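A quick write-up on the structure given underneath.
The values are calculated or read from the model by the stated rules, or taken from the named source; none is laboratory data. None of these values were measured; they are calculated from a predicted model. Ideal geometry is used to build each Cβ from the backbone, glycine not excepted, and the neighbour counts take in all protein chains shown. These accessible areas exclude ligands, DNA and RNA; they are computed on the full protein's heavy atoms, side chains included. Shrake-Rupley method; radii C 1.70, N 1.55, O 1.52, S 1.80 Å.
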Amino acid sequence: MDRDEEMGHGDRSLLFIGDEDDDLGADRDGGSPPSSDDSSLSGGSDDDDAGSGRDGERDAPDDDGQKGAWPQSYRQSIDMLSAVPSPTVSTIMAASPSLSRLGNSFVKAGSSFFLKKAGGEGSLPLTRPLLPPSMSHLSQQSQPQPQQLVRQSTDSLPPRPPPARQGSGLAERPSRACLKSDYIELPPPSTKCSKGQSIINGFNVLCGVGILTTAYGIKEGGWLSLLLLPMLGASSCYTGLLLKRCIDSSPNIETYPDIGQVAFGIFGRIFVSVVLYLELYASCVEYITLLGDSLSSVFPSAHLAFTGINLNAHNLFAITMALLILPSVWLRNLSLLSYLSAGGVFATLTVIICLFWVGIGGGVGFHPSGTALNLTRLPVALGLYGYCYSGHSVFPNIYSSMKDRSQFPFVLLFCFIVCTVVYAGVAVSGFMMFGESTMSQFTLNMPQEFIPSKIAIWMTIVNPYTKYALTMTPVALSIEEALPKKMQNYLVGMSVRTCLVLSTVAVALLFPYFALVMALLGSVFTMLVALILPCACYLSIKKGEVPLWEVCLCITIILIGVVCACVGSYTSIHQMISSR
């Protein structure tokens with residue numbers, strides 16, 4: 001049985017609720033029960049002992065270093081972006097502190113009413129009605145203060161035997177680098193995900209809007225460019241396993257910025273965080289461009305002329321959709337945003353089904369055409385294919401939240417194989433259907449008179465609309481927590497988020513090239529996050545322990561990533577300048 005469960009804290013999501021967060025944080029980290037004198041020091045000794053018991057491992061950042069290290073909101077905000085929660089009442093109550101407090105009030109009020117009605121005024125109050133007797137006994141022994149907050153428990157399963165204490169084992173606990181805010185409600189770091197849930201989260205990360213441009217990649221690079229898909233997929237899967245090994249080197253490592261800090265110090269943490277946040281910001285720019293392109297194809301004659309300002313259909317819908325998205329970015333209860341992430345998986349599957357429906361039953365058919373290889377535009381195809389595997393910023397979070405972490409290699413390999421097959425199938429089908437007329441998004445080529453085409457277009461609109469706020473929230477939180485303490489309030493937070501949304505609209509209108517911007521993102525950020533940084537961090541953390549063949553392999557991947565990033569970014573920027 002976990003130590004948290006022994007203390008009556010089986011539902012870790014409730015450890016962040018109430019006025020006792022500081023005391024409960026020490027208990028959560030594996031220390032002794034908190035006291036009023038030195039509760040802030042209760043979690044330090046375990047980490048020192050665990051770190052000293054492992055020879056040859058790189059020292060991880062200590063408690064004090066991680067509590068003050070920026071960003072502290074990364075784990076929670078990225079969990080919202082990647083996780084697909086099950087829509088149960090208990091999950092919603094656990095995810096929202098305000099709803100949990102309301103639920104506790106209902107439980108206490110209802111319990112008092114029925115007890116008084118049954119037994120009169122002398123009846124004993126009902127305490128911890130959801131705990132089994134054994135758990136209630138343990139909880140009363142571990143809580144010397146009777147005025148502590150009553151929490152709900154999810155310990156309905158039989159108690160598990162205590163795990164063997166091993167110095168190299170990873171403690172399953174929430175990240176210490178967690179943001180606590182007075183004006184927003186952040187969900188706690190997700191824990192205890194099953195293998196099936198982790199696979200769904202992996203698909204949610206990998207199967208995004210990048211699938212819309214795979215057919216355009218064949219048009220740009222030729223049929224042989226498809227060989228880049230399995231090559232990039234195999235390399236990205238391998239580097240994902242390298243991130244797992246980096247996390248296994250210390251129990252304090254749970255996120256990508258943590259890996260950067262252990263590998264290269266505080267500079268590495270900041271550099272990795274900035275790169276990841278820039279990638280998320282650029283993805284929001286792509287969402288605005290995608291919304292403008294999709295809606296302008298549905299309503300091509302829409303325009304606005306007002307006081308000398310002329311907006312065509314693309315610009316008009318880009319601005320309109322940004323204004324409609326803005327309220328979702330202002331939400332105070334950010335945990336509710338995570339329930340929008342399930343819409344992305346459903347929308348992607350629907351678009352794929354509609355593509356094959358139009359090709360097989362819609363009369364479009366499949367017509368082989370195109371060139372074998374186009375070296376001039378091959379870097380653009382490389383960037384487009386690379387963007388499809390840009391999920392490494394979330395893989396450490398998925399691994400840290402798994403119930404059985406030994407299943408992570410299978411989860412990663414399964415997700416990459418399935419996604420690569422789907423990407424290749426959509427690319428081949430889309431290009432054989434539309435040939436050299438294939439546009440940056442194959443949905444723009446689908447005949448509007450067919451019902452599946454209409455469904456695919458609107459699903460393409462729903463996907464970025466539901467994911468924009470989830471993608472922008474980590475960027476906004478990182479800026480807000482860097483502000484002075486007196487400026488960390490809801491009004492300033494709303495201003496920051498508004499400025500971020502308006503800036504993405506400005507960039508999207510300035511560079512309205514969906515495929516070229518995506519190719520630039522895939523060439524720069526994906527090569528950095530998925531190929532270069534994992535190998536560099538792994539060689540730094542595991543220095544002296546990596547066999548020679550793996551050192552050579554990592555160095556080769558780094559060199560390939562650097563070359564692809566330089567050539568791909570130059571080609572994409574050159575074509576954007578030429579298109580203006």
Restricting to the stretch 401-411, count the residues that are closer than 18 Å to ALA530 by Cα and open to solvent by 10 Å² or more (accessible area, probe 1.4 Å). 1
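Table: residues versus (1) assigned to a helix (DSSP H, G or I); (2) of a type in the set (A, V, I, L, M, F, W, C); (3) open to solvent by 30 Å² or more (accessible area, probe 1.4 Å).
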{"site": "VAL275", "(1), (2), (3)": "yes, yes, no"}
{"site": "GLU279", "(1), (2), (3)": "yes, no, no"}
{"site": "ALA282", "(1), (2), (3)": "yes, yes, no"}
{"site": "GLU286", "(1), (2), (3)": "yes, no, no"}
{"site": "LEU291", "(1), (2), (3)": "yes, yes, no"}
{"site": "PRO300", "(1), (2), (3)": "no, no, yes"}
In this structure, does ALA424 turn out to be in contact (Cβ under 8 Å) with a residue 12 or more places away in the chain, open to solvent by 10 Å² or more (accessible area, probe 1.4 Å) and assigned to a helix (DSSP H, G or I)? yes
Restricting attention to the stretch 231-272, and to residues there that are open to solvent by 10 Å² or more (accessible area, probe 1.4 Å) and aliphatic (A, V, I, L, M), which single residue is farthest from the chain's Cα centre (by Cα)? MET231
Hey, does the stretch 475-482 have a residue that's touching a helix residue (DSSP H, G or I) at 6+ places or on another chain (Cβ under 9 Å), not charged (D, E, K, R) and not in a helix (DSSP H, G or I)? no
Give the stretch 356-390 a look and list any residue that's part of a loop (DSSP other than H, G, I, E, B), modelled with pLDDT of 90 or more and open to solvent by less than 20 Å² (accessible area, probe 1.4 Å), or say none. CYS388, TYR389
Just a yes or no: is a residue in the stretch 495-514 open to solvent by 20 Å² or more (accessible area, probe 1.4 Å), within 30 Å of ILE557 (Cα to Cα) and at pLDDT 90 or above? yes
Residues within the stretch 265-314 that are under 30 Å from ILE479 (Cα atoms) and in contact with a Leu (Cβ under 6 Å, 6 or more places away or on another chain), tallied: 2
Any chance THR307 is farther than 25 Å from MET459 by Cβ and open to solvent by less than 20 Å² (accessible area, probe 1.4 Å): no
Against the condition closer than 27 Å to THR255 by Cα, without any contact (Cβ under 8 Å) to a residue 24 or more places away in the chain and out of contact with any helix residue (DSSP H, G or I) (no Cβ under 8 Å at 6 or more places or on another chain), how does GLU545 come out, does it pass? no
Does any residue in the stretch 329-355 that is open to solvent by 30 Å² or more (accessible area, probe 1.4 Å) come within less than 6 Å, Cβ to Cβ, of a residue that is modelled with pLDDT under 70 six or more places away or on a different chain, and which pairs are these? ARG332/ILE184; ALA342/VAL84
Considering each residue of the stretch 472-482, count those that are touching a Leu at 6+ places or on another chain (Cβ under 7 Å) and buried (at least 21 other Cβ atoms within 10 Å of the Cβ), and give that number. 6
